[in-house]
Amino acid sequence: MAEQKQEQVFEIAIVGRVTWNLHSLNNEGTIGNVTEPRTVVLWDGTKTDGVSGEMMKHIHAFWTWLQARENNLLLCQACKELKPERANADRRLRQDEWQEVLRSPKNERPKVAVNKAIVQCAMCDLHGFLIAPRTEGEEGQGRRRRSQEDKFPAVHRTSVIEFGWVVGIPQKFHRDLHLHARHSQEEQAREEEQAREGEERVTAQMLYHRPTRSGVYAFVTLFQAWRIGLNEVNYTYALNDDNDRKKRYELALTAYEWTFKRPDGAMTTTRLPHIEGAEGLVLVAKTAVPVPLLSPLRDDYRQQLKDLAQRQGVEVHEFDELVKLTEILTKLRELTPFKLSAASQQ
Ligand SMILES: [Zn+2]
């Protein structure tokens, strides 16, 4: 018991403000030729600009995938192909591989299915999945009612990485709708022909409106390192090897770094964000206590969070520039993800 134990990380929160200019990373959708930006409403009815947690998680997942592919970390076939359904798609792609689930006693199938998904894939483990079996025989001659024996369990894994909305600080954001025109050379040639033949000219240009936004945005994100490899059907570690868990932990930390350096969301082909800066706190719990969360919508969030963290024995690292955030995340890679004690596991 007295042996030297490497410092562990239970969970990490990164909270703060980013300044992004002239982007359109996330939109409501397009009606006609107008693309609407995301709008969110705060408790007091204030409308503000936002980028959804789904978009941020998507960006983080993409950077996780890139590293996992390049560093030869285990990925299921579906995640190798970056299919958003992850384990659910893998089950359809490689039916033979998943037969072991159906060979297990019925009451063990949820545990076996989650175990398999976690062990075989870093993406499924870190970013979660939902296995939602469909009635088989849909494409055949009508629906066949499945027998209890060949039934695959519906199971899910909650992501180890969580993002809230990235939300514009009221009074500190601006939005504009810009008009653009697209010209087709083919159409232009036809126009000229019509003009020569004295026909009425039909306009060849296509007009469309796109939003451009700038602001200081509050963000919150939580990384529950202790849950890496943990099968939450029976709360034992499907991935038990410390080294394997650490590799996935490092993967998630680097993906965070890249997410803040390169938030590759929507419309980056023409609205690559002008990233001006980032500031905030990284809160690190090294024992099994939850890190406190308080929104950087509050101007005094840093001081309040420092006080709360201190009372809980949670470490606080402060950053005022992206490079400092990078340094903090790099340093955190030296630690290992927390594991529930063996006594608490069966
Ligand atoms: Zn996967």
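Details
- Gyration tensor verdict on region 48-95 (Cα atoms; rounded if a/c is under 1.5, prolate if a/b is larger than b/c, oblate otherwise): oblate
- Only helical runs count toward this figure. For the chain, summing -39,500 (n - 2.57) over DSSP H runs of n ≥ 4 and dividing by all residues gives -9500 deg cm²/dmol at 222 nm.
- Selected from G277, G229, G50 as most flexible by GNM, with the chain as the system and alpha-carbon contacts under 10 Å: G277
- Helix 242-261 axis versus longest C-alpha principal axis of the chain: approximately 20°, rounded to the nearest ten.
- Percentage relative contact order, the chain, counting C-alpha pairs under 8 Å, at least six apart: 30
- With a threshold of 24 Å on the Cα-Cα distance, the over-threshold entries among K80/K286; K83/K247; K80/K246; K172/K261 are K80/K286.
- Residue-by-residue Karplus 3J(HN,Hα) for region 272-283, coefficients 6.51, -1.76, 1.60, Hz, glycine and proline x: 4, x, 8, 7, 9, x, 8, 8, x, 10, 10, 9
- The long axis of helix 185-196 is offset from the longest Cα principal axis of the chain by roughly 10 degrees.
- Cβ-placed point charges (K, R +1; D, E -1), dipole of region 196-342 about Cα centre in debye, nearest 20: 240
- Cα centroid separation, region 249-279 to region 9-58 (Å): 13
- Angle between the chain longest axis and helix 53-70 axis [Cα atoms, degrees, rounded to 10]: 70
- Rounded to the nearest 0.05, the FRET efficiency derived from the C-beta distance between D96 and L340 at R0 = 25 Å is 0.15.
- Distance between modelled label sites at Q310 and R262, nm, 7 Å Cα→Cβ extension: 4.0
- Note on the chain: with charges restricted to the Cβ of Lys and Arg (+1) and Asp and Glu (-1), its dipole about the Cα centre is near 1180 debye.
- Taking amide H positions as modeled 1.01 Å from N, with prolines and chain starts lacking one, the residues under 5 Å from I275 and 5 or more places away or on another chain are N21.
- Here, the chain is characterised by an Rg to Rh ratio of 1.07, where Rg is the alpha-carbon radius of gyration and Rh the Kirkwood radius.
- Most tightly packed first, judged by the mean number of other beta-carbon atoms within 10 Å of their residues, the peptides 65-76, 13-24 read 13-24, 65-76.
- Karplus-derived HN-Hα couplings along region 6-21 (A = 6.51, B = -1.76, C = 1.60, θ = phi - 60°), whole Hz, x at Gly and Pro: 5, 4, 10, 10, 7, 8, 10, 10, 10, 10, x, 10, 10, 10, 10, 10
Read-outs: derived from the displayed coordinates by stated rules, not from any lab. All of these numbers come straight from a predicted model, not from anything done at the bench. Neighbour counts are summed over all protein chains in view; Cβ atoms, including those assigned to glycine, are modelled from backbone coordinates with ideal geometry.
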